[in-house]
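To keep things clear, I will list the structure first and then write my remarks on it.
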Amino acid sequence: MTVAQVEALDEGEARAVLDAWVKAKQAGLPLALRDSASRPHARLARKALYQLQSSGLTVEAPRTEAPPEAAPRGHDFPAVMSSQLGTGERVLVFAVPIRGGGLELFQVIVSDEFGLAQISSNPTNRQKYRQRLRELTSDAGQPVMLVSWARLQLELGRAIALNERSGSTYDSQLAHTLQRLGVTPQDPDVVIPPMEPGDEAAKEDGAQLHDEPEFAQWLPSEPDLVLLGTQASAVDVLPLDEAGKRSKKEALALALAAERFTPQVRALYARRLWYQAEYFEANERAEVADRARAEARRLLHGEPLARFAQHLYVKTLSTLRPSAGLLPARR
């Protein structure tokens with residue numbers, strides 16, 4: 001909840017909200033509320049901070065002056081969002097004006113399983129930020145897209161909701177920063193619509209998505225890669241010709257993919273594909289975006305397992321060294 005939302009509550013309701021923050025050992029809201037113009041709410045916030053300190057949590061010392069505040073929300077600075085990595089991470093780069101001039105430049109890593117994973121910031125100015133945007137968007141090796149401030153807030157809101165869900169915490173300074181930026185929790189479970197006419201007929205297109213460079217680093221987990229390598233090594237000593245060995249290895253890869261892609265994992269990868277489609281569309285690759293969305297629908301709602309998920313495992317076979325089951329190189 002924001003400071004304004006808490007201030008709108010009566011003392012009993014506000015106390016319950018702050019008690020929840022104390023229980024979670026999070027100081028963000030109490031820190032932001034302690035300077036409230038509402039004396040009862042400020043008093044409750046200071047009491048919550050005292051309880052947090054008593055529990056052993058390090059809480060920053062009271063401020064002697066107000067920190068720089070973000071400029072009014074809805075400014076016209078675009079942000080940068082990277083494409084979706086196969087590990088579920090993406091990078092956000094954005095800047096906000098600060099009182100007194102200049103900008104505060106943020107770089108954030110978010111995970112679609114755990115939420116905010118890393119954040120850093122440093123002062124900059126408009127000219128340097130524009131230059132940084134040009135560098136990121138003109139570099140073919142940087143798979144990024146420009147997004148609006150509202151889109152960025154949505155992504156950050158989804159991330160902090162995932163922090164709450166996964167139990168992964170972030171420090172009070174970051175919580176205060178997010179509040180300044182107007183970020184509130186948002187539902188991270190992006191809805192993938194049902195399959196559309198033509199999705200089933202085009203199901204073979206799913207495997208071809210792996211030919212796109214952005215999907216090159218989408219790989220199974222390292223334990224699964226080790227297991228596949230071990231299984232490949234065992235197949236290589238069987239009295240089979242090369243075609244027979246290749247067929248046996250592919251069958252093992254498909255079986256492992258079917259085992260690993262539980263309904264929960266299907267939903268996770270369907271959302272990753274949906275996010276990636278947004279990136280393709282932003283970079284004027286509409287046909288690839290359509291294929292990614294179709295595969296997301298097939299992955300979540302179709303049977304058998306979508307070709308994209310199957311090929312995620314099959315494609316690693318050509319990179320595994322049979323002697324020791326070593327992992328393929330990750331670039």
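Bear in mind that the values in this text are calculations on the coordinates, not laboratory data. For clarity, every value in this text was computed on a predicted model and none was experimentally measured. Neighbour counts are summed over all protein chains in view; Cβ atoms, including those assigned to glycine, are modelled from backbone coordinates with ideal geometry.
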- request: Estimate the FRET efficiency between Glu13 and Glu222 by the formula 1/(1 + (r/R0)^6), using the beta-carbon distance for r and 56 Å for R0, to the nearest 0.05.
  value: 0.75
- prompt: If you take the square roots of the eigenvalues of the alpha-carbon gyration tensor of the stretch 79-180 and sort them as a ≥ b ≥ c, do you get rounded (a/c under 1.5), prolate (a/b over b/c) or oblate?
  reply: oblate
message: Only four residue types carry charge here, +1 at the Cβ of Lys and Arg and -1 at the Cβ of Asp and Glu. Report the dipole size of the chain about the Cα centre in Debye, rounded to the nearest 20.
response: 920 debye
query: Hey, fewest Cβ within 10 Å first, where do Met81, Met145 land in order?
result: Met145, Met81
task: Could you tell me which of rounded, prolate or oblate describes the stretch 93-153, using a ≥ b ≥ c as the square roots of the eigenvalues of the alpha-carbon gyration tensor, with rounded for a/c under 1.5 and, failing that, prolate when a/b is larger than b/c and oblate otherwise?
output: oblate
field: Positive-pole candidate from His311, Pro220, Ala289, dipole of the chain, charges at beta carbon
entry: Pro220
field: Straight-distance crosslink candidates among aspartates and glutamates, where the alpha carbon sits under 12 Å from Lys203 and sequence neighbours closer than 8 are dropped
entry: Glu295, Glu303
message: Using the basic label-point model (7 angstrom from Cα toward the beta carbon), what is the Glu200 to Arg39 distance in nanometres?
response: 7.1 nm
task: Stick to the Cα atoms of the chain, pair each with every other, and give me the Kirkwood hydrodynamic radius in Å at one decimal.
output: 22.7 Å
query: Considering the chain as a Gaussian network with a 10 Å cut-off on Cα pairs, which listed residue, Arg293, Arg90, Arg285, attains the greatest mean-square fluctuation?
result: Arg285
message: Can you tell me the convex hull volume per residue for the stretch 3-54, based on C-alpha atoms, in Å³ to the nearest whole number?
response: 60 Å³
statement: Over the chain, the sum of -39500 (n - 2.57) across DSSP H runs of at least four, divided by residue number and rounded to 500 deg cm²/dmol, gives at 222 nm -15500 deg cm²/dmol
